[in-house]
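Before any comments, here is the structure.
A short reminder: the numbers here are calculations on the coordinates, not readings from a lab. Note that the coordinates shown come from a computational prediction; the quantities given were computed from them, not determined experimentally. No Cβ is skipped: glycine too gets one built from the backbone with ideal geometry, and neighbour counts run over all protein chains shown.
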Amino acid sequence: MENVLSKFPRKFSMPHTYVLLFGIMALMALLTWVVPAGEFERVMIDGRTVVVPGSYQIIESNPQGLFDLLKALPNGFAEVQNIAFFLFLTGGSFALINETGMIEGVIGKIVRLLQGKEAIVIPVVMLMLAIGGATIGLAEETIVFVALGVALARALGYDAMVGTAMIALGAAIGFYAGFMNPFSVGVAQEIAELPLFSGVGLRLVLFFSLWIVTSWYIIRYAKKVKRNPENSLVYELEKEERANGAHEDITEKTADFTKRHALISAVFVGGFILIAFGVFQYGWFITEIGAVFFAMGLLSALISGMNPNQIAESFVKGAQEMVFAALIVGLARGILVVMENGLILDTLVYALTNLIGQLPDALAVIGMYLTQIVINFFIPSGSGQAAATMPVMIPLADSLGITRQTAVLAYQMGDGFLDSIIPTSGVLMAQLSLAKISYGKWAKFLMPLIIIWLLIGMAFLLFANWMNYGPF
């Protein structure tokens, strides 16, 4: 018996995201042979396609074979090429901005200005990173700032946990609120046929709510550590690092803020002011946003003194970092292609409608929120999750009488909050590795805050549903 059992793998390994998505495609193809085909009646209202509630009916089936499954891949990529190329363009442009050293220079200047002002260091540093997360999707880039954050925290009498939390959670709350994040909210709204960045008012309230609560949480822990270092969850690490001279003058580690950095900062701020003006005044969408991003990156690189070859190399490197997300978007759309061609999409939406519809009207949106949280474990990419779930969630929202803007809000919070604690997050594990913090210690520190975030998310969704968060 032992020999037989020894042949089975002892440790389960989560499949690669691409494997998982293709597996879902194959499963959907199989379901087209057994799930009844059906469809809702759809009408055009103000230029958008809307499901007519209660109009579902069974129709003749159209099962998908192997060749249909394979064709769904190129067809899926063809349908989302605008999103994929937008990701490449903005990823390359942001790489140019990052290559100039402007972001590090700004952080260095802030650090020096705040020396000796411990009370405001944590919220100010977090606010700066949160704005980056909410506008340019600052996430992976924060890894390079972890060492700086840890050094700053130690110089102020805190520990590595505080320094890591300032950096990691600062950018995270901005990304989760995403009041002008083209990679999450922008993609979801494009699929939902909503005006780009519409509903920004409530997302700004969410942004500042998360910033205030998270700053309070970290400050509360930081004060305990300063009052008694033995209260630190990483006390043994701090003793070891202190013996190695880690608690030194932070100003020696911060980058200088040059005149070129000041000009690039002006380009950066001006670019987002232009984007906001164009979006809200002229209805700009991802084509115009991508053009402005490219101009921001190119102008920043020229100001920094990069030559054409360096600009091209940095741009390509940044675009390459978006390949993972862009391919996920295409694969996710392939799932939708199979369901649409197999005529089972509306059947699944109808089933979800009946399931979530069992909840009281006010709580149906919470069901959508919890569904997005579960899906987030399997599809870690924000853009990829939007592409995979919004085509289902939008007709579901239409059927339940929930606004599309509320469905996008459920997606962005369900997609985000647990990213800061799930061990499958490569960014999180890299941040913890650099700070020398074990995952167990981080989870113990963060779990109460995660619960608070999830409750805040529920409160905002219930309010959004009550106010018919729009425009539609």
Taking Ser61, Ser383, Ser215 and counting other beta carbon atoms within 10 angstrom, the fewest-first order is Ser61, Ser215, Ser383
Quick note on Asp159, Asp346, ordering by fewest other C-beta atoms within 10 Å, gives Asp346, Asp159
In this structure, among Lys109/Lys224; Lys117/Lys239; Lys223/Lys444; Lys109/Lys223; Lys239/Lys436; Lys226/Lys444, pairs with alpha-carbon gaps over 22 Å are Lys109/Lys224; Lys117/Lys239; Lys109/Lys223
Quick calc of log₁₀ I(q)/I(0), region 17-466, Debye, one scatterer on every Cα, no solvent, q values 0.07, 0.08, 0.09, 0.12 1/Å, result -0.38, -0.49, -0.61, -1.04
In Å, the C-alpha Rg and Dmax of region 110-209 are 15.1, 50
Cβ density ranking, 10 Å radius, fewest first, applied to His261, His16 yields His16, His261
